[in-house]
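Following: one structure in C-alpha cells, then a few remarks.
The values are calculated or read from the model by the stated rules, or taken from the named source; none is laboratory data. Computed from a predicted structure; not experimentally measured. The area values use the complete protein model at the heavy-atom level, side chains included, leaving out ligands, DNA and RNA. Shrake-Rupley method; radii C 1.70, N 1.55, O 1.52, S 1.80 Å.
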Amino acid sequence: MNDTTPSTILLIDDHPMLRNGVKQLIALDSRLKVIGEASNGEQGVELAKQLDPDLILLDLNMPGMNGLDTLDSMRQTALSGRIVVFSVSNHEDDVVTALKRGADGYLLKDMEPEDLLAALHNAAAGKMVLSEALTPVLAASLRESRPSGDRDIQSLTPRERDIIKLIAEGLPNKMIARRLNITESTVKVHVKHLLKKMKLKSRVEAAVWVLQSNVL
C-alpha cells in the first residue's frame, strides 16, 4: 500500500469562485486532491457514483436540488467515502438535520484556510468534523438516537464484521486495508455492502450503532 496516495475530494457547490478558491487551497497540499466538481446536486450525485471519492464537500443551499436532497440521494447509493456539508449557515437546526440525514461532518465557509485543510484531513481519515461550538448539539442528537432492533450483526460476513469493527474504531479505508491485508478498493466494496445490509446511512452512523449496541 502506498501511504503517499492523496485523499480524493469531490466539490459540490453552485458558486464557481468558491470552488476555485477551495481547489487552489487544496492544490497546496499534496495529501489532498480534487478529482471532480459539480455546480448542482444532480451532477454531484452522478459524479459521486462514478468517482466514489474519499471525501465529498457539499454545499447546503443550492438552487434546484438542495444540499439535503443531494445528501439523501447519495446516501441511497451507499458510497464508501465521507460526505461533509460545507455551508455559510451556523443554525443548529441545519447542522442537526444534516447530521441526522447522514452527513459525516459540518464545516462553515468562513473557516481559516489552515483550519479547513486540517478538517479535510481529519474527515478523510474517517473522523467527524464539526464546528467546536456545535459539539454539544451533536452529542445530544446522538444520545437521542437508539439502536435499531431490526439490524442483525449476524447478517454480515466475517470480513464485513471485521471492517465495521474497525470503522467503529475510527479507521479510514487505507488503514483498514493495511490492518486486514487487503486492497483499499476491496474495503470500499465491503463498506458499501455492509452499510446497505444494515440500513446505515454513513460510517458515523455505523460507528455509533456498534458502540451503542455493544454487538462486537
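Pick from 26, 56, 164 the residue whose mean-square fluctuation is largest in a GNM of the chain, springs joining Cα atoms under 10 Å. Maximum among the listed residues: 26.
Relative to the current alpha-carbon distance between residue 192 and residue 20, full extension at 0.36 nm per residue lengthens the span by 58.9 nm. Is it possible to state the helix-based mean residue ellipticity at 222 nm for the chain, with each DSSP H run of 4+ residues giving -39500 (n - 2.57), the sum divided by total residues, to the nearest 500 deg cm²/dmol? What is it? Only helices count here, giving -15000 deg cm²/dmol. Contact order for the range 1-94, expressed relative to its length and based on alpha carbon pairs under 8 Å spaced 6+ residues apart, stands at 29 percent.
Helix 135-144 and the longest principal axis of the C-alpha atoms of the chain enclose an angle of approximately 40°.
Give me the percent of the accessible area of the chain that comes from carbon and sulfur atoms, probe 1.4 Å, all protein chains in place. Carbon-and-sulfur percentage of accessible area, whole number: 52. Need one word for the range 91-130: rounded, prolate or oblate. Basis is the Cα gyration tensor (sqrt eigenvalues a ≥ b ≥ c); a/c below 1.5 gives rounded, then a/b vs b/c decides. Note, shape of the range 91-130 comes out oblate.
Taking every pair of alpha-carbon atoms in the range 1-141, give the share separated by more than 24 Å as a whole percent.
So the portion of pairs separated by more than 24 Å is 22 percent.
I'd like the orientation of helix 113-124 relative to the chain: the angle between its Cα long axis and the longest Cα principal axis, in ° from 0 to 90, rounded to 10. That works out to roughly 20 degrees.
Roughly how tilted is helix 203-213, in degrees to the nearest 10 and between 0 and 90, from the longest Cα axis of the chain? So the helix axis and the longest Cα principal axis differ by about 40 degrees.
Using C-alpha pairs under 8 Å with a sequence gap of at least 6, the mean separation divided by the residue count of the chain gives a relative contact order of 17 percent. Full extension of the chain between residue 122 and residue 61 yields a length gain of 19.6 nm, computed as 0.36 nm times the residue separation minus the alpha carbon distance. Protein heavy-atom accessible surface, 1.4 Å probe, per residue over the chain: 49 Å². Counting only DSSP beta bridges with both residues in the chain, the antiparallel share comes to about 0 percent.
Rounded, prolate or oblate, given the Cα gyration tensor of the range 17-71, with a/c below 1.5 counting as rounded? List each step's numbers first, then the result.
Details: a/c = 2.47, a/b = 1.51, b/c = 1.63.
Oblate.
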